[in-house]
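A short write-up of the structure that comes next.
The values are calculated or read from the model by the stated rules, or taken from the named source; none is laboratory data. Not measured: the values here are computed from a predicted model. All Cβ positions, glycine included, derive from the backbone under ideal geometry; neighbour counts span all protein chains shown.
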Amino acid sequence: MRVFVTGATGFIGSAVVRELIGAGHQVAGLARSEAKAAPLAAAGAEVEFGSLENLEGLRLAASRSDGVIHLAFNHDFSTFAANCEDDRRVIETLGSALAGSGRPLIVTSGTGMANTVPGQPAVEDGAVISSKIIPRAVSEEAAASVAAQGGNVSVVRLPQVHDTTRQGLVSYAIAMAREKGVCAYVGEGLNRWPAAHVLDVARLYRLVLERAEAGTKYHAVAEEGLALRDIAEVIGRRLELPVKSIATDEAETYFGWLAPFARTDAPASSEQTRRKLGWHPTGRGLIADLEHLQEAAA
């Protein structure tokens with residue numbers, strides 16, 4: 001297949017590109033500049049120069065493909081709601097380019113978009129939380145809109161995706177600990193975050209591309225939920241910083257924009273995903289990767 005990948009030069013996207021090429025697919029990856037394009041071309045992919053703002057360019061690139069994996073997202077949290085609305089327009093544009101063809105569109109979301117019973121892991125076929133509560137759910141609403149018009153669209157929900165250089169939201173927590181000289185968690189720190197190694201996640205995207213059922217949601221979850229206290233303790237050991245519990249009302253001061261996440265218990269299951277696609281994650285766990293942080297991240 002010739003696959004158009006947005007976010008192809010990013011942390012997860014570059015791993016997806018390598019996975020697809022290794023499996024015999026042709027890849028056309030979106031790149032904003034020559035500097036971004038160089039490693040993409042070196043990996044064996046074609047380069048589609050453009051940006052998420054150029055909707056007509058995205059439409060054209062998607063129309064030339066046999067399938068699209070949409071990974072790009074603007075992670076500037078100061079304009080988060082606007083970024084989510086931008087993502088809606090991108091998804092609708094990609095969907096319109098593939099309309100009526102049966103060619104797959106894979107949209108990226110997060111495991112936190114599953115509206116679950118408190119204390120229970122999120123499941124793939126559960127209700128989706130409203131974008132009025134979490135703006136990022138806009139992406140799944142846009143995917144549902146494409147599906148309602150007959151599009152072959154699937155959703156991959158991501159947990160904290162990691163290796164020894166990047167760890168999702170945990171990377172921001174590491175930066176905060178370095179800045180403040182202490183590594184903190186809220187209350188007893190028993191609230192949980194799910195996680196998966198980036199290479200396992202890349203393999204899942206390929207399996208979804210090749211085997212997905214239209215309209216299905218998949219969870220790229222290797223570990224259902226790691227306690228924030230355990231994560232804080234390993235960061236503290238790695239950075240040689242003290243670790244402490246802070247009260248809920250102190251979370252905003254310490255964590256800033258990350259506070260809502262630091263307070264949230266958000267385990268997630270991938271049982272349905274594993275059963276449907278035969279996906280079996282084998283990568284190193286989050287705690288182990290944190291124990292082996294590279295200097296660039298530590």
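Residues in the stretch 79-122 that are over 17 Å from THR264 (Cβ atoms) and either under 19 Å from the mean Cα position of the chain (by Cα) or assigned to a helix (DSSP H, G or I) (or both): how many?
Qualifying residue count, the stretch 79-122: 24.
Hey, among GLU56, GLU34, GLU48, which residue is more than 21 Å from GLN167 (Cα to Cα) and at pLDDT below 95?
Working: GLU56 fails: at pLDDT below 95; GLU48 fails: at pLDDT below 95.
Sole residue among the options that is more than 21 Å from GLN167 (Cα to Cα) and at pLDDT below 95: GLU34.
Among the candidates VAL155, VAL201, VAL208, VAL146, single out the residue that is outside the structural domain of ARG229 (by TED's automatic domain parsing), touching a Lys or Arg at 6+ places or on another chain (Cβ under 6 Å), closer than 21 Å to ALA72 by Cβ and at pLDDT 95 or above.
Being outside the structural domain of ARG229 (by TED's automatic domain parsing), touching a Lys or Arg at 6+ places or on another chain (Cβ under 6 Å), closer than 21 Å to ALA72 by Cβ and at pLDDT 95 or above holds for just one of VAL155, VAL201, VAL208, VAL146, which is VAL155.
Mind checking whether some residue in the stretch 70-77 is of a type in the set (D, E, K, R) and modelled with pLDDT of 95 or more?
no
Could you check, for the stretch 186-198, whether at least one of its residues is aromatic (Phe, Trp, Tyr) and touching an Asp or Glu at 6+ places or on another chain (Cβ under 8 Å)?
no
Condition first: touching a residue at least 12 places away in the same chain (Cβ under 8 Å) and in a helix (DSSP H, G or I). Now tell me which residues in the stretch 261-282 satisfy that.
Once the filter is applied, which keeps residues that are touching a residue at least 12 places away in the same chain (Cβ under 8 Å) and in a helix (DSSP H, G or I), the stretch 261-282 yields PHE261, ALA262, ARG263, GLU271, GLN272, THR273, LYS276, LEU277.
Out of the strands (runs of 3 or more DSSP E) lying entirely within the stretch 169-260, which hold 2 or more residues that are crowded, with 16+ Cβ neighbours inside 10 Å and touching a Gly at 6+ places or on another chain (Cβ under 9 Å)?
Strands (runs of 3 or more DSSP E) meeting the threshold: 192-197, 223-227, 243-246.
Quick one: VAL138 ticks every box in (1) buried (at least 21 other Cβ atoms within 10 Å of the Cβ); (2) of a type in the set (A, V, I, L, M, F, W, C); (3) part of a loop (DSSP other than H, G, I, E, B) except a single one, so which number is it?
Among (1) buried (at least 21 other Cβ atoms within 10 Å of the Cβ); (2) of a type in the set (A, V, I, L, M, F, W, C); (3) part of a loop (DSSP other than H, G, I, E, B), VAL138 violates only (3).
Return only the number of the condition from (1) out of contact with any strand residue (DSSP E or B) (no Cβ under 9 Å at 6 or more places or on another chain); (2) more than 17 Å from TYR218 (Cα to Cα) that ASP289 does not satisfy.
Of (1) out of contact with any strand residue (DSSP E or B) (no Cβ under 9 Å at 6 or more places or on another chain); (2) more than 17 Å from TYR218 (Cα to Cα), only one is false for ASP289: (1).
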